[in-house]
Amino acid sequence: MNQFELGILDFIQDVFKCEFLDRFMPIITRLANKGVFWIALAILFLLIKRTRKTGLSMAVALILGFIIGNIVLKNVIGRIRPYDVNTDFALLVGTLKDYSFPSGHTLCSFEGAVCIFLRHKKWGVAALILAFLIAFSRLYLYVHYPTDVLAGIILGTAFAFAGTFFANKFFEKVDKYKLK
């Protein structure tokens, strides 16, 4: 499987590699470093009454992804990164200390983007485009295998739905017990 996936990464390099993307992809990928962009957005949404449900959805999804994806799955599966297998590749970003599966950048990006999309379609489309760019950047930068990114998309989407379900239930309870 690794050889097949390395072939896909090499194909991406053969087709897309250019000076513009060599500069652009590290910038795009940094947006999701430690989930900071998506965490900040969730906090901002929590502070605004009109977007509070979205913020709670995102917060729950991000917490689920951090625990299940970054703490549990990465360490249980322990998959080394593509650049550790193909040592001839010249990285455009620094080496990473954690394992490869699933892609945490992709995971948090899809958690955030799908939560936004479920409540605010226009904002959500922009968020999903950004999430796909971040996911692609992980492949372009040779720091994740395609299945790492695919798992991040699937898990991120599932956690977004779980976070949205939780936020809906939470706000139903809040509304039920409000004084009228």
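Report the far tail of the P(r) of region 29-153, meaning the percent of Cα-Cα pairs longer than 22 Å. Percent of Cα pairs beyond 22 Å in region 29-153: 33.
Entry for region 52-113 at q = 0.22, 0.24, 0.25, 0.29 Å⁻¹: log10 I(q)/I(0) = -0.89, -0.97, -1.01, -1.16, Debye formula applied to identical alpha-carbon scatterers, no solvent contribution.
Taking 29 Å as the limit for the C-alpha separation, the pairs Lys34/Lys121; Lys97/Lys121; Lys97/Lys122; Lys74/Lys122; Lys49/Lys74 exceed it in the case of Lys97/Lys121; Lys97/Lys122; Lys74/Lys122; Lys49/Lys74. For region 159-164, putting each phi into the Karplus relation 6.51 cos²θ - 1.76 cosθ + 1.60 with θ = phi - 60° gives couplings of 5, 5, 5, 5, x, 5 Hz, in residue order, rounded to whole numbers and with x for Gly and Pro. Return Cys108, Cys115 ranked ascending by Cβ neighbour count within 10 Å, so the fewest neighbours appear first. Listed from fewest to most nearby Cβ atoms, that is Cys108, Cys115.
Each part reduced to its alpha carbon centroid, region 28-80 and region 123-176 end up 8 Å apart. Report, in degrees rounded to the nearest 10, the 0 to 90 angle that the Cα long axis of helix 52-64 makes with the longest principal axis of the chain. Value to nearest ten degrees: 50. Each listed q (0.10 Å⁻¹) maps to a log10 I(q)/I(0) for region 1-89 from the Debye sum over equal C-alpha point scatterers, namely -0.43.
Every number here is computed from the coordinates shown, using simple stated rules; none is lab data. Not measured: the values here are computed from a predicted model. Using ideal geometry, Cβ is built from the backbone for each residue, glycine included, and neighbour counts are taken over all protein chains shown.
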